[in-house]
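Computed from the coordinates by the stated procedures, all read-outs in this text should not be read as laboratory data. The structure presented is a predicted model; accordingly, all values stated were derived computationally and were not measured. Ideal geometry is used to build each Cβ from the backbone, glycine not excepted, and the neighbour counts take in all protein chains shown.
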Amino acid sequence: MSEPAWSIDGVPEKPGVYLFRDAGGKVLYVGKAADLKARLRSYRRPGGDGRLLVRFLVAEAQSVETIVTRTEQEAVLLEDSLIKKEKPPHNIRLKDDKSFLMLRLDLGERFPRFKFVRAHSPKEKQPGGRSRFFGPFASTSSLRRTLSDLHRVIPLRDCPDSVFDHRTRPCLKHQIGLCAAPCVGLIGEPEYREMLERAARVLSGDVRELEDELESRMRAAAAELAYERAAAWRDRLGALRRTVERQGVRTSDTKDRDVLALARAGREAVVQRLGFRDGFLSESRTHLFQSELPEPELWHSVLTALYGAGRREPPSEIVLPELPADAELLQYALGRGLEFVVPAGGERRRMLDLAAENARTALAQREREGALEDAALAELARLCDLDEPPEVIDCFDVSNFQGAHVVASRVRFRHGHADKAGYRRFKVRNVEGQDDFASMREVVGRSLRRGVEEFELPDLVVIDGGPAQLASALAARDEAGAFDVPIVGLAKARSERKVAGAKKAASEERLCLPNAAEPLELSRHSPARHLLERIRDEAHRFAITYHRKERGKIRSVLDSVPGVGAAKRKALLRRFGSVAGIREASIEEVAAVPGIGRELAERLRERLAR
């Protein structure tokens with residue numbers, strides 16, 4: 001199995017979810033892990049983790065994205081949500097598509113109790129909206145454990161109505177302190193409702209008051225040397241903490257909200273945005289920028305950049321660690337129904353903590369990547385004999401289909417990162433047939449001439465190719481008058497092969513320098529090599545994407561001719577190279593293509609003559 005294109009550098013050793021994406025950003029596979037780094041490392045071992053899909057997955061995946069969760073249970077639920085949303089081709093999807101278990105509290109009952117329900121089941125939709133829901137929970141066992149722990153802290157009833165309505169004396173659970181016995185009137189409705197509200201607050205995450213109370217009782221019992229009683233309060237405190245260690249990737253309501261958290265280190269800043277829609281965590285995005293603004297002003301700028309000028313539809317609620325500057329004005333400008341929330345506790349606080357954890361992880365990874373990029377750019381400057389590391393790097397790639405419809409791409413990297421604003425696409429205009437050298441000369445010349453006119457030249461140009469392509473690009477540079485722009489070529493690694501009966505040794509990636517007798521082989525572990533490969537692969541992806549789009553336009557002309565399907569279209573293009581070639585051919589030549597015939601050839605001529 002070949003070396004995967006994606007890296008595990010900077011992946012945290014924490015529970016969470018990972019998403020493999022292809023070159024176009026489509027999600028191929030969603031997985032969960034107790035330790036993200038260890039799990040992803042297993043995919044890089046020969047043979048992967050033993051599953052048959054892995055060798056195909058590793059071959060297709062170009063990048064991997066991670067989302068950190070607080071617990072493994074959160075990872076289970078987030079994986080389920082993302083599989084349903086993204087529908088990745090390598091995941092197994094069950095047709096019943098059931099959701100996880102939740103707790104329902106029917107407030108219409110005199111002494112309500114918690115009941116098991118499935119999320120999105122018909123039982124949820126009751127008239128009057130008298131039910132409250134808590135969860136979800138990853139398994140029946142985790143849900144039962146949660147209820148058991150909760151009843152040890154707050155003794156609510158858990159018996160069914162058939163038992164509750166016919167009791168004449170308290171049950172055993174009352175005797176061991178697990179039920180307040182409302183069935184026989186040992187607690188009134190107001191007191192029971194107060195206990196019920198405390199239980200609801202616990203399940204919603206607001207446990208500070210109860211936690212302090214239990215800890216105070218535990219310490220008081222220990223001070224009185226009543227160690228068994230102290231141990232009982234300790235166990236109840238542990239039960240409370242396990243109860244609220246619930247899944248933070250779904251919400252108890254269906255309100256649309258974005259949760260934003262910030263992590264900073266000097267001028268570097270990361271904002272993590274978690275998007276909750278219909279009660280599900282449906283989106284996680286990391287936004288990187290540089291700023292020295294105080295946080296209220298920074299939040300004002302971030303919110304304006306994210307939601308201003310119609311860039312993104314704001315949700316009904318945005319959860320933040322603090323209010324932005326001019327909050328009321330900003331709230332009015334972004335949408336009258338929008339509300340800013342700064343939570344002190346509860347469910348929203350847990351969401352904010354989850355976003356903050358992911359922001360810190362992203363910032364730490366960014367710092368590691370920054371150090372690697374600095375090392376790569378410094379090494380590249382040394383290899384190319386530049387005075388200083390290149391800030392702006394342009395890379396060109398040419399793509400064609402059997403010598404016809406030649407296109408090219410230019411991608412721009414700034415500080416080692418893709419600068420999409422600097423991407424350009426070219427149609428090769430002045431080259432006949434398949435001449436990659438002349439095509440490269442044309443597009444490099446056009447790009448550099450414009451750079452000279454607009455005073456926006458790169459610090460380094462990388463050509464996808466060897467010495468011949470490099471020579472064409474150097475000639476184009478001199479014709480454009482951009483004499484000071486350094487240009488290098490990157491030739492792909494070669495495996496061992498035979499040429500004229502003699503064996504040619506394998507080689508690594510080679511850096512072609514002007515006036516150098518031989519290309520310079522780059523070490524497999526060279527930071528400069530990894531950076532150049534990333535830039536070259538992005539240029540290739542961008543060119544291929546453009547070429548496929550152009551080929552789609554070409555094929556649509558042939559597809560409009562009745563009787564021309566995919567096989568005949570392919571045969572025609574293979575024979576004549578392009579629609580123009582078909583148009584210039586005689587009817588007899590077109591009819592001679594297998595499967596075409598005279599009648600279809602005449603229809604083609606008539607259609608293409610329009």
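Annotations for the structure displayed:
- The simple spin-label model puts a point 7 Å past each Cα toward its Cβ; for A38 and E213 those points are separated by 3.9 nm.
- Only aspartates and glutamates eight or more places from K115 in sequence, or on another chain, were considered; those with a Cα closer than 12 Å are D106, E124, D158, D161.
- Residues S409, S148, arranged from fewest to most other Cβ atoms within 10 angstrom of their Cβ, appear as S148, S409.
- Sorted fewest first by neighbouring Cβ atoms within 10 angstrom, F576, F114 come out as F576, F114.
- Taking a point 7 Å from the Cα of K492 along the Cα-to-Cβ direction, the residues of segment 517-537 with backbone N closer than 12 Å to it are 537.
- Modelled spin-label separation between R574 and E589, with each label point placed 7 Å from Cα along the Cα-to-Cβ direction: 1.9 nm.
- In segment 257-364, Cα pairs under 8 Å separated by at least six residues give a relative contact order of 33 percent.
- Taking D537, D387 and counting other C-beta atoms within 10 Å, the order from fewest to most: D387, D537
- Contact order, relative form, for segment 392-548: 24 percent (alpha carbon pairs under 8 Å, 6 or more residues apart, mean separation divided by residue count).
- Across all Cα pairs in segment 392-548, the calculated P(r) in 10 Å bins from zero up to the longest distance comes to 11, 39, 36, 12, 2, 0 percent per bin.
- Over 30 Å between alpha carbons, listed pairs K427/K570; K14/K85; K84/K568; K37/K87: K84/K568
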